Every structure is written in structure tokens, then in C-alpha cells.
1. Evaluate segment 107-191: find the radius of gyration of its Cα atoms, find its Kirkwood radius, and give the ratio Rg to Rh.
2. For segment 248-315, max minus min Cα coordinate along each principal axis, in Å, sorted largest first?
3. Which whole-number percent gives the relative contact order of segment 12-193, counting Cα pairs below 8 Å spaced six or more residues apart?
4. 222 nm [θ] for the chain, helices only, -39500 (n - 2.57) per DSSP H run of 4+, per residue, to 500?
5. Between Arg119 and Ser282, what FRET efficiency follows from the Cβ-Cβ distance if R0 is 56 Å, with the result rounded to 0.05?
6. To the nearest 20 debye, what is the magnitude of the charge dipole of the chain about its Cα centre, counting +1 on the Cβ of each Lys and Arg and -1 on the Cβ of each Asp and Glu?
7. Determine the relative contact order of the chain: mean sequence separation of Cα pairs under 8 Å and six or more apart, normalised by residue count, in whole percent.
8. Determine the principal axes of the Cα atoms in segment 110-257, then give the extent along each, sorted from largest to smallest and rounded to whole angstroms.
Amino acid sequence: MNTQLKPIGMPTRLEQDYEELTAIVERYAQAEGVTATAWPALSFFRADAPSDRTCAMYEPCLGLLLQGNKDVLVGEERFEQEYGHYLINSIDVPVTAQVVRASPQEPCLCITLRLDPVRIGEWLSEVKLSKPPVATARGLALSTVNSDVLDPLLRLVRLLDSPDDLLLLAPLIERELIYRLLTGEQGARLAQIVTAGGQGQQIARAIQWLRQHYNKPLRIAELASMVNMSPSSLHHHFRQITAMSPLQYQKVLRLHEARRLLLTEGCDVATAAHRVGYESPSQFSREYSRQHGAPPLRDVIRLRSMGPLETVACVELDVPA
């Protein structure tokens, strides 16, 4: 049972559901790192001890922390994930995450449900948003969990014990969750990315291009033209949503991918630098040190000495080659 302090006034039913969900996730997530489930969009995370900062790519998702504490850094902005709050992310964004509090007796446990922008778009014309759409808002935010979100999420996780029911009922529960999110306090945040012709959707297209061409030279004027924006508008709204400029976003992608290459594919520093788009190994090493806190080889040695959790976190980064 989660022994940490719970939000004052949390309804008994909500607390019971939270504890049941925690117990199911802990039963499935026996090993540290990410545990895939029979439902592809659903995954669990476990850490038995605090971790160093690790890199990951957050896709559009709902993330609920069940035990422990976790910090997520997006650009220079810090989000504290803690009990009683869920994270909502509407756009692909590279982050630096760190488990702050965890132990073998009370591991850090998280549940993540990937959100399909296409399905969000399908619902958008049928629901009334709780707040009017905004031009561009930060893609990632935290909200207090309520029964509208927790109840369908618990029902979805329960289905993992009934594989035949899972195939038939999980799509319906996913649709219900998307509906609840769109009609909740973060609905406008999700809607901005899928609203046809909106600036949020234009930024989403720019991000897609950057992810596919992270190792190519970036020319802001050309990227702005591709997404039908002016360079100044692209820069402004890109930073509003991601907390980074397009150039910073590309740099973080490159350095996260370089870390993965060094850690999981055994590349040497010069090869990793070249593969992610750097012409100068010395510039690569300087920027890598600023991003990850140590030169490439020292950083990799340190991560390997800390066990499998950091390795898994780097593998999570899904950047096309």
C-alpha cells in the first residue's frame, strides 16, 4: 500500500481505486524499467531506487504516477510528478526525467497510455471543450486526478487479466478516456495539436520533420515555409508549446540519440557525433557535456555502472535513423 501522504480530502472511492491500480501495476511490473503490456498503447514503469537524469522521448500520452516521485525537465521547465496527479502530453517532446524517490519496499510506479492524435481528432468534432481552444499552449502539463480519468484507466488495466475481453473492450475504454480528457481541464491543450489549420498543428508538423531529419542542417526559413508560417511565428509558437526553440529541439534530439548510440550500440564518440549530424567531434563533446553533465565516454561508463534502468530509459528514445 502507498504510505506517502495523500491529498487532503481525496474521496474514499478514488483512494481505493488508486490503491487497486497500484497493486495491479506492481504485480505486472516486476522488473525495473518499462514493462510492455498486452495492450500496445499501455505500458508500466518501475524504479526501485532514485535515478540519475535520463533521456526519453515523450509522445502524446497520459501518464499517472502511482508511487514515488519523479521530475521531468522540458527545456528549462521542471515538472514534479507526484501522487494524485497525472501528466498529459500532447506533442512529441524530448525530456530529461529523474526518479527522485523510490525504494524496493515502495518502488516508483507509473502507468502510461499513448494517445493517438487521429482518434483525438475524430472525437474533437463531437465534444464541447471545457475551455475555449488556445492558439498555442505548453504541450505538457500536470492535473489532479479525478474519477473521470481514474475509473476508465483502472477498468482498462483490469482487462489485462482477461485477454479475450481486452481485445473487445479496450478500444471502447480508450475512446472513453479520450472523451474524458477532451472534456476535462486539459482538453484545449490536446485539441490545439489536432485542430486543422491551427498553429498547434503546424508546430506538430514542424516537430515531425525535425524528428525525421534531426541529423540534417536546420534552416529555419525553409522549415517555416514547409509548415506555412513565418520564421518569427514558427519560433514563437514552437517555444510556447515545447519550451525550446527549433534549434534547441534539434540539438536535444541529436544528443539524446547520440547517448543511445554510445550506450546501446557501442559506437565510438566520433562515429556517434557524425551519425547525429555533427561535423566537429570537439563541438559534439562540449554540447554533450552541457546536456548530460559529463563528457560522452565518462557519461556512458557512469550509466552502465548504475544498472539496467538508465539503459532502458535511453532505448525508449524513438528517433528515426
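1. Values: Rg = 13.8 Å, Rh = 14.0 Å.
Over the Cα atoms of segment 107-191, Rg/Rh equals 0.99.
2. 31, 22, 20
3. Working: 364 pairs, mean separation 45.1, N = 182.
Taking the mean separation of contacting Cα pairs over the length of segment 12-193, I get 25 percent.
4. On the way: 13 runs with 154 residues, N = 321.
Result for the chain, helices only: -15000 deg cm²/dmol.
5. Numbers: r = 46 Å, r/R0 = 0.82.
So, using R0 = 56 Å, E works out to roughly 0.75.
6. Values: 33 positive and 37 negative charges, 222 e Å.
In total the dipole reaches around 1060 debye.
7. Details: 563 pairs, mean separation 56.1, N = 321.
Relative contact order comes out at 17 percent.
8. Largest first, segment 110-257 extends 51, 35, 25 Å along its Cα principal axes.
Readers should treat all values here as calculations from the given coordinates under stated rules, not as data from a laboratory. Not measured: the values here are computed from a predicted model. Every residue, glycine among them, receives a Cβ derived from its backbone with ideal geometry; neighbour counts consider all protein chains shown.
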